[in-house]
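Asker: Have a look at this one before I ask anything.
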Amino acid sequence: MNKQAHLATWGMMRLRHGITLRVIDQLNDAQLASHPVAGMRTPIELLVHMYHGTQNMTATVLAGAMPESTEKADAAKITTKAQLLEYVNAAWKKANDAAFALTDAQIGALIQTPWGEPFPGFAILGFIHDEYLHHRGQLYAYVRVFGIEPVM
C-alpha cells in the first residue's frame, strides 16, 4: 500500500467519523455513562477506545513506534456528552492530521508493537478500519438497547 491507496481508504474513515458523531448525538449524558450491557464498556469508554485507537495507531505509523496508551485515564475524565465530543473531535483531528502526513516509506516500514511482533505500517492502518467498525457495531447495539433507532 502507498499513500495514495491509504488516503483513498481514509476517506471512508472520515465518513464513518461523521456517522458516529450523529450516533453520539442520539444519546444523553446518563446513557453515555451507563452500562447498557452488563460487563461491557460504557458508551463513553467504548467511544474513547475507538478514537484513542484511531489516533494512537496513526501516530504509531507516523512515528514508527507505538506511544504509551492514555485510554483509561482519558475515559475516566469524561462525564458528559460535551466532554466526549470534545475528546472525539480532538482525537479525530490528530488522527486525520497524521493520516495525511504519512509517507510511502512510513506506510511500508516495519513497526515493533506490544502485540508480540512487528507489523508493516499499512497493516496497522488496516487495523484501524477493523477496530473502528466492530466497535461502532457495538455502539449501534447499545443505542438499540436504549430503544433508539440508530442513524443510518
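Asker: Pro36 is checked against (1) closer than 18 Å to Gln138 by Cα; (2) in contact with a strand residue (DSSP E or B) (Cβ under 8 Å, 6 or more places away or on another chain) and fails just one. What number does that condition carry?
Answerer: (2)
Asker: Among all residue pairs at least 6 apart or on different chains, which show Cβ distances below 8 Å where the first residue, located in segment 1-27, is within 16 Å of Gly126 (Cβ to Cβ) and the second is basic (Lys, Arg) and part of a helix (DSSP H, G or I)?
Answerer: Final answer for the pair search is Arg16/Arg136.
Asker: What is the residue count in segment 1-47 for residues that are part of a helix (DSSP H, G or I), hydroxyl-bearing (Ser, Thr, Tyr) and either farther than 23 Å from Asn96 by Cβ or open to solvent by 10 Å² or more (accessible area, probe 1.4 Å) (or both)?
Answerer: Adding up the residues that qualify gives 1.
Asker: Is it the case that some residue within segment 69-76 is among the small types (Gly, Ala, Ser) and touching a strand residue (DSSP E or B) at 6+ places or on another chain (Cβ under 9 Å)?
Answerer: Start the filter on segment 69-76 by keeping residues that are among the small types (Gly, Ala, Ser), which leaves 69, 73, 75-76.
Still in the list and also touching a strand residue (DSSP E or B) at 6+ places or on another chain (Cβ under 9 Å): none.
No: zero hits.
Asker: To continue, here is another question. If a residue has to be among the hydrophobic types (A, V, I, L, M, F, W, C), open to solvent by less than 30 Å² (accessible area, probe 1.4 Å) and not in a helix (DSSP H, G or I) to count, how many in segment 126-152 make the cut?
Answerer: Start the filter on segment 126-152 by keeping residues that are among the hydrophobic types (A, V, I, L, M, F, W, C), which leaves 127-128, 133, 139, 141, 143, 145-146, 148, 151-152.
Applying the additional criterion that residues be open to solvent by less than 30 Å² (accessible area, probe 1.4 Å) yields 128, 139, 143, 151.
Subset that is not in a helix (DSSP H, G or I): 151.
Total meeting the criteria: 1.
Asker: Here's another thing I want to ask about it. Grab the helices (runs of 4 or more DSSP H) fully contained in segment 51-125, keeping just those with 2 or more residues being within 21 Å of Ile19 (Cα to Cα) and open to solvent by less than 50 Å² (accessible area, probe 1.4 Å).
Answerer: Values: elements: 71-76, 81-101, 104-108.
In segment 51-125, 81-101 are the helices (runs of 4 or more DSSP H) which contain 2 or more residues that are within 21 Å of Ile19 (Cα to Cα) and open to solvent by less than 50 Å² (accessible area, probe 1.4 Å).
The values are calculated or read from the model by the stated rules, or taken from the named source; none is laboratory data. Note that the structure is a prediction, hence the values are computed from the model and not measured. Counting neighbours? That spans all protein chains shown, and the Cβs are built from the backbone with ideal geometry, glycine included. These area figures cover heavy atoms from the full protein model, side chains too; ligands, DNA and RNA do not enter into them. Shrake-Rupley method; radii C 1.70, N 1.55, O 1.52, S 1.80 Å.
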